[in-house]
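Structure first, commentary second.
The values are calculated or read from the model by the stated rules, or taken from the named source; none is laboratory data. These figures come from a predicted structure and were not determined experimentally. Because the Cβ atoms are built from the backbone with ideal geometry, glycine has one as well, and the counts that use them run over all protein chains shown.
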Amino acid sequence: MTAGFNIEVSVWRVCFADDDVVGGAVTTGTYAYCHVPARMHEKPVDHVFYQQGIEVVKTFQMMVKPSTLMIYDRDEVEITRPTTHRFYGKRFRVMGDAYTNFHPSEQRGYLILDLTRSVRAHANQ
């Protein structure tokens, strides 16, 4: 694993299948990438929002390698290793991405993802 990258993630490409028998949308997906080295941290929230009583969505930032991965907005990232991680098995939705200024063939390049927790109603996660 790359130095400084302390977790492995899988990237899910989420799509919608045909509606079920009662007309409800069926969310499905497939792995886009497996065993991707990454590093994640929580972004700090401005305490002014808390003082005003506003509920704020927690956001996270994740760095993944290599920078040539095609990860899109609304894809989901699931933490797969280590099993002792506090978010092991949990999914995060990609809200945005940014590429570093390294050349795509450069080994030092990485991708920066902005994430929020993904919670599905009535699903077995």
Residues (in a loop (DSSP other than H, G, I, E, B) and under 13 Å from the mean Cα position of the chain (by Cα)) located in the range 85-109:
PHE87, TYR88, GLY89, LYS90
So is ILE79 more than 16 Å from CYS34 (Cα to Cα), in contact with an Asp or Glu (Cβ under 9 Å, 6 or more places away or on another chain) and modelled with pLDDT of 90 or more or not?
no
Of those in the range 26-45 that are over 17 Å from LEU111 (Cα atoms) and surrounded by 10 or more Cβ atoms within 10 Å (Cβ to Cβ), the residue modelled with the highest pLDDT is TYR31
Out of all the residues in the range 73-118, which are among the β-branched types (Val, Ile, Thr) and farther than 19 Å from HIS41 by Cβ?
THR83
